[in-house]
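Here the structure comes first, spelled out in C-alpha cells, and everything after it is commentary.
The values are calculated or read from the model by the stated rules, or taken from the named source; none is laboratory data. Nothing here was measured: the structure is a model prediction, and the numbers come from that model. Every residue, glycine among them, receives a Cβ derived from its backbone with ideal geometry; neighbour counts consider all protein chains shown.
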Amino acid sequence: MRTLEGHSGEVNAVAVAPEGGQAISASDDQTLKVWDVKTGQAVRTLEGHSDAVRAVAVTPKGGQAISASDDRTLKVWDLASGRCLATFIADAPLRACAMAKDGVTVVAGDQSGTVHLLTLEMADAS
C-alpha cells in the first residue's frame with residue numbers, strides 16, 4: 001500500500017490505534033511518530049525520551065499511547081496534543097510495554113528481567 005518514512009533511526013515497534021486510522025512508531029531516534037494510515041503522512045512527532053524508544057502500545061479507546069525506552073522511562077502520551085501526560089522511571093532500560101483492555105493497567109518489561117505492573121490514574125485513560 002505505502003511506506004511511511006520520517007524517522008532518522010531504526011524503527012523498533014509499531015502500534016495501531018483501535019479504529020485503525022493512526023499508527024504510532026517507536027524509534028532509535030528517541031521519538032515516536034503518529035501517522036495517518038490513509039494518507040501516509042506523519043501527524044506529529046512525540047519528543048521527550050533521551051534514548052532509543054523500544055516499544056509502544058495504544059490505549060483501548062485510542063486516545064493515548066504508552067512508550068518504553070532505553071532511558072529507563074515509560075511515558076504516557078496524549079495523541080491529539082502530543083503532550084506527555086505522565087512518566088514512570090524504572091531501574092533499568094525498558095524494552096517492552098503492553099496496555100490491558102481495561103484501559104488503566106500497563107505492563108512493562110525491563111532489561112534486568114523485571115516486569116512492572118502500573119495503573120494509570122488519570123481523569124480519562126482513553
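Structural remarks
- Among the candidates D91, D51, residue that is in contact (Cβ under 8 Å) with a residue 40 or more places away in the chain and either out of contact with any strand residue (DSSP E or B) (no Cβ under 7 Å at 6 or more places or on another chain) or surrounded by fewer than 21 Cβ atoms within 10 Å (Cβ to Cβ) (or both): D51
- Those residues of segment 33-58 which are in a loop (DSSP other than H, G, I, E, B) and modelled with pLDDT of 95 or more, in sequence order: G48, H49, S50, D51, A52
- Selection of segment 3-32 for residues being out of contact with any Ser or Thr (no Cβ under 6 Å at 6 or more places or on another chain), assigned to a loop (DSSP other than H, G, I, E, B) and not polar (S, T, N, Q) yields L4, E5, G6, E10, A17, P18, E19, G20, G21, D28.
- Residue tally, condition part of a loop (DSSP other than H, G, I, E, B) and not basic (K, R), over segment 78-89: 4
- Pair list, Cβ < 7 Å and 6+ apart or interchain, from segment 4-24 residues that are within 17 Å of V53 (Cβ to Cβ) and charged (D, E, K, R) to residues that are in a strand (DSSP E or B) and modelled with pLDDT of 95 or more: E10/S27
- Checking every residue in segment 90-100 against the condition of being over 18 Å from L117 (Cβ atoms), part of a strand (DSSP E or B) and within 12 Å of the chain's Cα centre (by Cα) gives zero matches.
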